[in-house]
Structures are given as structure tokens and as C-alpha cells.
Amino acid sequence: MIALLRRDLVLAVRAGGGFGLGLAFFLVLSVLVPFGVGPEADVLARIAPGILWIGALLSCLLSLDRIFALDFEDGSLDLLATAPVPLEGVSVVKALAHWLTTGLPLTLLAPGLGVLLNLPPAGFGWLVISLAVGTPALSLIGAFGAALTVGLKRGGLLLSLLVLPLYVPTLIFGAQVATQGAAGLDVGTPLVLLAGISAGTLALMPFAAAAALRINLR
Amino acid sequence: MLSVRGVCVARGGVPVLEGVDLDLEAGQALVLRGPNGIGKTTLLRTLAGLQPPVEGQIEMAPDLVAYTGHSDGVKATLTVVENLEFWARVFGQGDIAPALAAFDLEGLVERQAQNLSAGQRRRLGLARLMVTGRPIWMLDEPTVSLDAASVKMFAASVQAHCAAGGAAIMATHIDLGLDGLVLDLSPYRAIGRMSAGGFEEAFE
Amino acid sequence: MSFWEFANPKRFMQLSSRLLPWVAGLSLACLVVGLIWGFFFTPEDYRQGSTVKIIYLHVPAALMAINAWLMMLVASLVWIIRRHHVSALAARAAAPVGLTFTVIALITGAIWGQPMWGTWWAWDPRLTSFLILALFYMGYIAMWEAVENGDTAADLTSVLCLVGSVFAILSRYAVLFWNQGLHQGASLSLDKEENVADVFYLPLLVCIAGFVLMFLALVLLRTRTEIRARRLKALLNRERMA
């Protein structure tokens, strides 16, 4: 399992692994938003938490189809399925590797983009906390979507259609934490609910993902 | 080690082979023969546990199989040694040196897999079998893109594996010079059977 | 007769061909009676005027939009547990019908909302939930279309339906939570219990019965089509093999 995690991290960081693309996308998106809505500082300040959350979510989505598709294409997934590691474990490790290469860097990059979008000072801490708590759920749900679409041609588009509705609760609670935090309000309830979603997806999604993988490998 | 009784396998919901019986003992190497499309790959995948048989029994202790399919499962941006070490760790094995030696990969250890030729890549894929430590090798067209010398290397490693108490079952069209058993799958072709799972039978 | 006899495709075809005309006819009768009664023989609401009459389409459609998903969930569970093909095909057949009901509910809601609230759309929790439900339907249908092998598609969509149901419920509560701090609540509430009087209630019940029967008829019809398509594919396969 640790070997698998290490391999996935190495693969992501080496040339052609796509690490950094999601981050660049996040950056470009945040730069484009002011062109769309105008440069007024108070407008930007109000929408900054939501924009950053949506940006993080879309950047996560970009690399989801790589979670299983590459291993499926080169036959590694067949070999992993016959190896002495349960597919549930493989799913967790793959989601973790995805989070470490997208969710975590996005979380660390977000405050920098918050400056660009005129995020109120009170919001920085809550933005980072909400992303740190919420993005694991995005990776876990995404791993399930990737497992569903692993054998399909043009699976990437379908993956977005399947996964985005599943992201609704995470996005709502995550953006609430960031928005209310930026407005100086109490964030206890949404933060607890967001953590609950992350914990719930960690407990359940690997099983759903493994079931989908077994069906797709038949 | 492996006992198969009356197995029917399906590809894409359509049965391709039915009533397959075969036995594999320690030390044996079994070669599956048959024209393209008869279902050799499907049978091997079923035996490896990647898909369930439509009917029949497959008796085998768990965690015996090392499977290798058409693709090598080799990561292009990892070096030869990184690829092998990864699989050795996944299967809880330590030493990869014998596998490197058996397939003459020692001169290539630091090379990234994307810079290997097709034959060298295939050798790496086959060397992976040795680092699994599993007794039953299941091989699907293992000699594709191998030259004569490499085929000999491969045959020798299969022989050594069987001599050490292992077993192998492979689908191949090349004569490896193994004094193993040959099973022709043609008589087991499923004719006129409808889709798997009883949907069509309900109409009859 | 056991309910599970429906699971045999041949028995299903026989039973459904006998049931279908009755269900369809009864549905049509209910809709004609209910809609004419509702549109022309009920008084106008003292606050809402004649616009209130759209409830005879809006409420039954919204009700069936949710019930169709529930039916798909049950059918998916039956497929996973008992491997009855008819069940999987019925779930597939119900999805586009459910999506249509959802869209009808959204559109009639917008038409109603325009004179009442002065806007076609508000991010009211209930409206938003239905929009999300429509997205779930679309994903489910797209999954069926994307996978070629019938059994694989049935398995994958069943897993998707189970997981989707959990997230649909989660989304419903998330949306309720999300909306509270931002919009006014009760004045835009679509809760019927408080403002529906008996004169509206009876024709509404007839309309709901009509929609339930219409759903049943459409699902039976579409399931028959799916079974025939599956059978045709199998026959072609057999011909190719022989």
C-alpha cells in the first residue's frame, strides 16, 4: 500500500505526470474572474471565497480521470486486482495520492490567490481550513467517479457529469465556511458538517469505488 | 493446484467457451491453443479471478496466481528497477536480482521504461512474474515482440519455475520447446448459447 | 401469483401486455377528469387568481419526479440482490420518465412563479433541490448510454443510483442549510398543506392518480421496449456465433 502511494506520487511528479497543471488552471481561473465581474474591490471581496472554492473544485476535477485510467490502460490495474492488496485499499491510496498532488497544493496556493481577489483578512484562515477539510472529500468522491468510468472511451466528459452533482454538498458547506469566516461570522456548524462529509466519504466511497472497479475489470 | 470443472466463460455477456475441464499440478506447464477469438484471454482472466465464470467450478487456493496480460503494466516514467521493486513490494517480496538476471535486464536497470524497446519492455513485464513469489503463472501471449534469444530466456525461466515446484498456464502460438501439456480449446467453443445469466433462457 | 413472476421476462411481457391498455386508459381517464375539473370547475383562489390552477400539473409532476427516483432505487437494489434483468431494465426505463417529470415540475413552477413572485426563478431550497435532482437523472441516463455491455451497465448504474441517492438526500439538506442565511424563507415556500382547500384538493387527488398511472404505463411500455431491444441484440449475437 505504501509502495503504491509512493509510486503514484513519483509518477505524478515526474515529467508528463500532470502535476502542476491543476494548480496552473486554478491560477488562470482566479485571474480571469476579475475580467468577468469587474475590478471593484468590494464585489471581489464578497465573491472571493466562493470563486476560490469553485476554482479548487474544478482543478480537482481536471485530474480525476487519471486516478484509474492510466493504470487501466497499461494493464497495471489487472495486476493490482490479482495482488494481495484489496481494491478498497487501492482506492483509498489512489484517492490519497490524488489529494496529496492536487487538494493539498491547491489549499496551500489558495491564500495567494485570495490576495488577488481581495479576500478580507479574516477570511484567509478559514479558507485554508475549509479547503484542507473539504478537498479530501473531493478526491474520494472523484475516485468513485473515476472507477465508474474507467473502461470507457470519452470517460472524462461522463466523469464530470457524474461527479459534479455529487460535489454539491461538499461545495455548499465548504464555501459556507469560507464565506462566513470572511464575513467574521460563526463557522462552527458548516465546518462540522463539512468534516462529517469528508469522514463519511472516507468510510463509504472506497467500497463503492472498489465495487465499480470489479465490475469494470470483468 | 488448480482444478477446473465444466467452466463456461463469457466475453461481453456472450459465452465463448463452455464445459472446459482442466487440471494443473505443481511442476506442470500447460499451453492453451486455439484460433483467434476462441476465448483464451477470457479463460485466463477468469482463472485469474478477474471475472466470474458463468457456470462451473474453479478450485484453487487463494493468492496463488501471478497474471500477466497483453499489456505489461510497466510505467513509462519509472526506471526498470523502480518498476520491479514496486511490484516486489506490493507482493511482499524482497529480492529482485534473480529476476533481473533471468531476463538479462541488469544492463538496463537505471533506464526509464519509455526508453526501452518493445522486446525489452516485454522482458521487464515477464520479470515481474518472478518478483511476485506466486506459484501459478498465468500468461497471455507472453512471447509477443520477443526475439529468439529472449524466447529461449523465457522458456528457461518457465522451466526453472516449474522445476522449483511452480506451475504455469499460458496462451501462446509459439512452440517454446517445453515438454509441457497442450490443451486445444476448439472443442469447447460455445455454440448457440445465449447471453449469460439466464435472461435469454427465460424466453425459451 | 408471486410478485417475482414479473422477473421472468417472458411472463413480464405477457402480463404487461395485458395490463398496459388498462393502466394507460385509466391514466387518461383520470387526467381528463382531473384536469377539466381542476381547470374549469374550481373557484379561483382569492389571492392567486386563476394562476393557482397550475398546481394540477405542477404538484403531481413534482411528486412523481421524486417517486420515480425511489422506484429506480428499489429496482437497482432488486437487480443487485436478485439479479433480475427485468428489474434493471425497468430502472433504466424509468429514468427518462423521471427526468421529464422533473423538468415539467421546474417549468410549471417557473410559469407559476412569474406572476406570484415576480420572477421565473429563485434559489429557493425546493427549486434548487429539483434542479440538482435533474442533474442526477442526467448522469444516470448518460451512464446507461455510455456502457455497451448490458450487465456491466446495469451493475454500474445500480451502484451509481445507490450512491446518488445518498448524495441526493445530503444535497437536499445542504441546500436547506445554504439558503437560510441568504434568502427569505416562508413567503416563497411551496408548502401546499397550509393553503390548499378542499375544493382544490379532490381534483388534485384525481390528477395525482392520473400521473401515477401515467408513470406506470410509460415505465411498462419502455421496459417492454428495452426487453425487446435486449432480446434482439442476443438473437443477433447468436446468429453471428452460429
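Quick notes on this structure:
- Pairs of Cα atoms farther than 36 Å apart, the protein assembly as shown, %: 51 percent
- C:Ala29 paired with B:Ile191, simple spin-label distance in nm, labels 7 Å along Cα-to-beta-carbon: 5.5 nm
- Cα extents of chain B along the three principal axes, largest first (Å): 62, 34, 31
- Ordered by 1.4 Å accessible area with all protein chains kept, A:Leu117, C:Leu235 run largest first as C:Leu235, A:Leu117.
- Helix C:85-117 vs. chain C, principal-axis angle (Cα, 0 to 90°, nearest 10): 20 degrees
- Translational diffusion coefficient of region C:11-241 (Stokes-Einstein, Kirkwood radius from Cα pairs, 25 °C, 0.890 mPa s): 127 µm²/s.
- Carbon + sulfur, % of accessible area of the protein assembly as shown - ligands and nucleic acids excluded, 1.4 Å: 65 percent
- Within straight-line reach of B:Lys152, meaning a Cα separation under 28 Å, sit the following lysines at least 8 residues removed in sequence or on another chain: B:Lys40, B:Lys75.
- Summed over both chains, the contact between B and C buries some 1400 Å² of accessible surface at a probe radius of 1.4 Å.
- 0 to 90° range, to nearest 10: angle between helix A:21-37 axis and chain A longest Cα axis: 30 degrees
- Accessible surface of B:Tyr67, taken over heavy atoms with a 1.4 Å probe and every protein chain present, rounds to 10 Å².
- Karplus-derived HN-Hα couplings along region C:226-232 (A = 6.51, B = -1.76, C = 1.60, θ = phi - 60°), whole Hz, x at Gly and Pro: 4, 5, 5, 4, 5, 5, 4
- In loop segments of region A:1-101 as defined by DSSP, the trypsin sites (Lys or Arg not before Pro) with at most 16 further C-beta atoms inside 10 Å of their C-beta are A:Arg14.
- At R0 = 51 Å, FRET efficiency that the Cβ-Cβ distance of B:Arg33 and A:Ala199 yields, to 0.05: 0.45
- Minimum 50 Å² accessible area buried by the other protein chains, region A:188-218 residues, probe 1.4 Å, relative to alone: A:Ile215, A:Arg218
- Selected from C:Leu162, A:Ala199, C:Val78, residue furthest toward positive end of dipole (the protein assembly as shown; charges at beta carbon): C:Val78
- Across every pair of non-identical alpha carbons in region A:87-197, the mean reciprocal distance, once inverted, gives a Kirkwood radius of 14.9 Å.
- Computed FRET value (nearest 0.05) for B:Asn115 with A:Leu23, which takes r as the C-beta separation and R₀ as 22 Å: 0.20
- Between C:Phe40, C:Phe211, C:Phe130, the residue with the greatest mean-square fluctuation in the GNM of chain C (Cα pairs under 10 Å linked by springs) is C:Phe40.
- Degrees separating the helix B:118-132 axis from the principal Cα axis of chain B, which is the longest one: 80 degrees
- Alpha-carbon centroids, region B:18-71 and region B:139-190: separation in whole Å: 13 Å
- Surface accessible to a 1.4 Å probe, B:Glu18 within the full protein complex, Å²: 50 Å²
- Förster radius 56 Å - calculated FRET efficiency between B:Asp147 and A:Val31 (Cβ-Cβ, nearest 0.05): 0.55
- Placing a pseudo-label 7 Å from each Cα along the Cα-to-Cβ vector at B:Ile174 and C:Leu236 gives an inter-label distance of 3.9 nm.
- Within the listed set A:Pro105, A:Pro84, A:Pro121, the residue fluctuating most in the Gaussian network model of chain A (springs between alpha-carbon atoms under 10 angstrom) is A:Pro84.
- Farthest toward positive dipole pole in chain A [+1 Lys/Arg, -1 Asp/Glu at C-beta], among A:Pro190, A:Pro169, A:Pro39: A:Pro169
- In region B:81-108, burial by the other protein chains removes 50 Å² or more of 1.4 Å probe accessible surface, compared with the chain on its own, from B:Phe86, B:Trp87, B:Arg89, B:Val90.
- Alpha-carbon radius of gyration plus Dmax, which is the widest Cα pair, for region A:104-155 in Å: 15.2, 46
- Inter-chain neighbour count for C:9-20: the average number of beta-carbon atoms from partner chains within 10 Å of each residue's beta-carbon is 1.
- Interface between chains C and A: roughly 2100 Å² of accessible area buried, both sides summed (probe 1.4 Å, protein heavy atoms only).
- A 1.4 Å probe run over the protein chains yields, for region B:1-92, 35 Å² of accessible area per residue, whole-number rounding.
- Spin-label pair C:Ile111-A:Val115: with each label point 7 Å from Cα along the Cα-Cβ axis, the two points sit 5.5 nm from one another.
- Placing +1 on each Lys and Arg Cβ and -1 on each Asp and Glu Cβ, with no other charges, gives region A:2-217 a dipole about its Cα centre of roughly 220 debye.
- Between region B:92-113 and region C:122-141, the Cα center-to-center distance that results, in Å: 55 Å
- Springs between Cα atoms under 10 Å define the GNM used for chain C, and in it the highest mean-square fluctuation of C:Thr108, C:Thr152, C:Thr223 occurs at C:Thr152.
- Region A:2-217: Rg to Rh, with Rh as the Kirkwood radius over Cα pairs: 1.00
- A dipole drawn for region B:1-139 from +1 and -1 charges on Cβ atoms has a positive end, and of B:Ile38, B:Cys8, B:Ala102 the residue lying farthest that way is B:Ile38.
- Peptide A:163-175 has a mean of 6 when you count, residue by residue, the C-beta atoms of other protein chains within 10 Å of its C-beta.
- Per residue solvent-accessible surface (Å²) - chain A, probe of 1.4 Å: 38 Å²
The values are calculated or read from the model by the stated rules, or taken from the named source; none is laboratory data. In this text, all values refer to a predicted model and were calculated from it rather than measured experimentally. Heads up, the Cβs are rebuilt from the backbone with ideal geometry, glycines too, and the neighbour counts pull from every protein chain shown. Keep in mind that these areas ignore ligands, DNA and RNA; they rest on the heavy atoms of the full protein, side chains included. Shrake-Rupley method; radii C 1.70, N 1.55, O 1.52, S 1.80 Å.
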